Amino acid sequence: MNRAVPDAAQPIVGRTPVIDNLRRLIEKASRNRLPVLLLGESGTGKEVVARAIHDANPRGQFVPIDCGSLVGTLVESDLFGHVKGSFSGAQENKKGLVEVADGGTAFFDEIGDLPLEMQVKLLRLLQERQFRAVGALQWRTVDLRIIAATHRDLRAEIAKGRFREDLYFRLNVFTIRLPPLRDRKADIPLLVDHFLERARAAGLPWFDPGPDTRARLSAYDWPGNVRELKNAIERMAAMHSEHHPETALPSALVNQSRSADLERLSAAVAVEDAPTCEFVVRPKSPVFTISESERNAIERALAAAHGERGKTARLLGMGRTTLYRKMKEYGLD
Ligand SMILES: Nc1ncnc2c1ncn2[C@@H]1O[C@H](COP(=O)(O)OP(=O)(O)OP(=O)(O)O)[C@@H](O)[C@H]1O
Ligand SMILES: [Mg+2]
C-alpha cells in the first residue's frame, strides 16, 4: 500500500448526490453512539468515513483495529488485554485495544476477517458492553462506540459459516454503503486536484496533467477506487518530468482507454456504412481485451470497406503494413 502521503484527517471530497447524502449520514451517525457498519469495495473511503463520524463529535480516542492482521493466539490479548502471568510471555498486565477505545470509538476494520471465536466476544461487547481480559476473573464494562467496516459480502460469509448471523444483526443497525468510484465519475476531477494538491503539500512537484490525461483519468473505471486514483496521482507527481508528462500514466489505464478508443471506432464504423446483417452479434461482455477490440474493429472496417484494404487502413487510421500484419495475426487475411 502506498503511504507516501499521510492519511490522517481527510476531508470527504466530492459533490455528487451520493457524496452529499454520505455527508448527511455521517452527520446523523455522529449524533448517537449506535454501531455503524460501513460497506464498500476496497479503497472507497471506509476508513475516511469512520474517522469523519468520530471527528464530527469527538469523544475519547479513535482506535483502528485491523481485524485482518489479528492472527494466532495473540488476537484475544490484543483486543481485550491480559493479566500478568496468564500465559508464558505475559510478564505484565496489558491493556487491549478495546480498553484503549473506552470512552471513544473502536473501528473494527475488515470485520469480515475477524476469527469466529472473537466474533462471539465482540457480540458480548456489543450486547452487554462487557469484556474480560485474558486470564482475568472480572468482567469489565466499557462505554465505546463501535464502527465496523468490510469489503466482503457479509451475507455470503454467513452462508459459508464464516460470519455469525447474530453479530451481523447487531452490527447492521446504521449501515452506510460507499459507492465505487466508477459510479461517481463526476467527482474524479475534484479528486485529481485534491490529490495533486496533497502531493505538492507533501513535497512532490506539482504539475498539470493536461486535458488528455485528465480525460483519461475521468474515463477509467478505477477498480481500486479512490485509493488507486490517489496512488496514480502520487506516482505521476513523483515521476513527473517536463518532457514526458504522459509516461507515468498507469498502464492499466492506458490499456483501458486504448481499448475504449477502438470500441468507439468500431461502433462508428458499424453505424456509418456497414451492412449490419453481415456480422454475428456476440453477447456484450463488460470487458473486451485489447486484441478482441482490435480484431472487432478490423473486421467491421473490412466489411464497411467491402474488403478494400487501402480503405480499411484509412478507416482505422493505421498504415497498410500494420493492417496486413494485424490481419494475419487475427487470421483475417
Ligand atoms: N471521498 C474521499 N475524499 C478524499 N479522499 C478519499 C475519499 N475516499 C477515499 N479517500 C482516500 O482514498 C484512500 C482510501 O480510502 P480508505 O482507506 O478510507 O478506503 P477503504 O475503503 O478503507 O479501503 P480498504 O478496504 O482498501 O481498506 C485514502 O487515502 C483516503 O484518504
Ligand atoms: Mg480500509
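The values are calculated or read from the model by the stated rules, or taken from the named source; none is laboratory data. Predicted, not measured: the structure shown is a model, and the values here were computed from it. Using ideal geometry, Cβ is built from the backbone for each residue, glycine included, and neighbour counts are taken over all protein chains shown. With ligands, DNA and RNA removed, areas are computed over all heavy atoms of the protein, side chains included. Shrake-Rupley method; radii C 1.70, N 1.55, O 1.52, S 1.80 Å.
Results, tabulated for the structure shown:
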item	result
Length-normalised contact order for the stretch 32-179 - Cα pairs under 8 Å, 6+ apart - percent	38
Around GLU110: net Lys/Arg minus Asp/Glu count, Cβ-Cβ under 10 Å	-1
Modelled FRET efficiency - R0 35 Å, ALA156 with HIS306, Cβ distances, 0.05 increments	0.10
The stretch 182-191 - phi-based ³J(HN,Hα) in whole Hz, Karplus 6.51/-1.76/1.60, Gly and Pro as x	5, 8, 9, 4, 4, 7, 4, x, 5, 5
Cα gyration tensor category, rounded, prolate or oblate, for the stretch 175-244 with a/c compared to 1.5	prolate
Residues of type lysines that LYS95 reaches as a straight line, Cα spacing below 19 Å, ignoring anything fewer than 8 places off in the same chain	LYS84, LYS121
Proximal aspartates and glutamates relative to LYS94, as straight alpha-carbon distance under 18 Å, when same-chain residues fewer than 8 apart are discounted	GLU76, ASP78, ASP102
FRET E, pair ARG320, ALA238, Förster distance 41 Å, beta-carbon r, rounded to 0.05	0.50
All lysines inside 25 Å of LYS185 as judged from Cα atoms, apart from same-chain residues fewer than 8 positions distant	LYS46, LYS230, LYS284
Cα-projected label distance for VAL142 with GLU117, points at 7 Å along beta-carbon direction, nm	1.9
Percent accessible area from carbon and sulfur atoms, the stretch 32-179, protein chains only, probe 1.4 Å	48
